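The block underneath contains the structure these notes are about, expressed in structure tokens.
The values are calculated or read from the model by the stated rules, or taken from the named source; none is laboratory data. Because the structure is a prediction, the values reported are computed rather than measured. No Cβ is skipped: glycine too gets one built from the backbone with ideal geometry, and neighbour counts run over all protein chains shown.
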Amino acid sequence: MKGSIEIDGAAVEWLRRYASLCGWTLARAHARSGDPAALAGYLGTGTVFDHAIAEFSVAYADQNLRDFEAFTAAIGDRRIPAHR
């Protein structure tokens, strides 16, 4: 079933909990969406995929950090508004 909360004016802790629940639900849905035997056969027994996904993950984390730094700089420079 689908669900949601009213995020306008929601407390930060409720937003954290909601984001965590959304992430958990999405991860679980993706984990259950494929046929494990077919995926294992496609990926094989080598480490090419393992290395590729690890490299992608590090690059993705680095990009997220750069994006967050740009975002917080824009708030600090008042190029975008922020409210507490």
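Residues in the stretch 1-35 that are farther than 24 Å from His83 by Cβ and exposed (fewer than 10 other Cβ atoms within 10 Å of the Cβ): how many?
Matching residues across the stretch 1-35 total 9.
Where in the chain are there helices (runs of 4 or more DSSP H), lying wholly inside it, with at least 2 residues that are at pLDDT 90 or above?
It comes to 12-32, 48-76.
In the stretch 66-79, what residues are farther than 18 Å from Leu15 by Cβ and not basic (Lys, Arg)?
Those that are farther than 18 Å from Leu15 by Cβ and not basic (Lys, Arg): Asp67, Glu69, Ala70, Ala73, Ala74, Gly76, Asp77.
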